[in-house]
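Notes for the one structure printed next.
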Amino acid sequence: MKAKKIPMRRCVGCMESKPKKELVRIVSNGEGGLMLDPTGKANGRGVYLCPDMECIAKAKKKKAIGRGLERDVDPVELDRIFEELSVYERKDP
């Protein structure tokens, strides 16, 4: 029997490919706003990001989220998303 394929996605912060379940998706919805997509199934263009502060800082510095979403992103809205994303930050044992 074939092994089940694990979907891989690339983090826009560190540019590492990781399993989709380990990353958090940020989606540009139809009204021009940003939202976190914990299910990974929301409609709209999305980018994936590791849930740790290092990758968040890299993505912010490189303006990778706006580039990945192919639109200009409001800095205030982006800060709100990063605050929400800090909740998802992994806690290393």
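The values are calculated or read from the model by the stated rules, or taken from the named source; none is laboratory data. Computed from a predicted model, the values in this text were never measured in an experiment. Cβ atoms come from the backbone with ideal geometry, glycine included; neighbour counts cover every protein chain shown.
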Taking only pairs six or more apart or across chains, which ones have beta-carbon atoms under 9 Å, a first residue in the stretch 42-69 that is under 17 Å from MET8 (Cα atoms), and a second residue that is aromatic (Phe, Trp, Tyr) and not in a strand (DSSP E or B)?
PRO51/TYR88
Filter the stretch 68-93 down to residues that are closer than 20 Å to LYS20 by Cβ, out of contact with any Ser or Thr (no Cβ under 6 Å at 6 or more places or on another chain) and surrounded by 11 or more Cβ atoms within 10 Å (Cβ to Cβ) and give me whichever is modelled with the highest pLDDT.
GLY68
Take VAL47 and decide whether it is at pLDDT 90 or above and touching a Phe, Trp or Tyr at 6+ places or on another chain (Cβ under 9 Å).
no
List every residue pair whose Cβ atoms sit under 8 Å apart, with the two residues 6 or more apart in sequence or on different chains, where the first one lies in the stretch 4-23 and is free of Cβ contacts under 8 Å to residues at least 24 places away in the same chain and the second, anywhere, is assigned to a strand (DSSP E or B) and of a type in the set (Gly, Ala, Ser).
MET8/SER17
Count, please, the residues in the stretch 1-16 that happen to be exposed (fewer than 15 other Cβ atoms within 10 Å of the Cβ), in a strand (DSSP E or B) and touching a Cys at 6+ places or on another chain (Cβ under 8 Å).
0
Could you tell me how many of the residues in the stretch 13-41 are at pLDDT 95 or above and on the phi > 0 side of the Ramachandran plot?
1
Can you report the number of residues in the stretch 18-71 which are basic (Lys, Arg), in a loop (DSSP other than H, G, I, E, B) and closer than 25 Å to ILE6 by Cα?
1
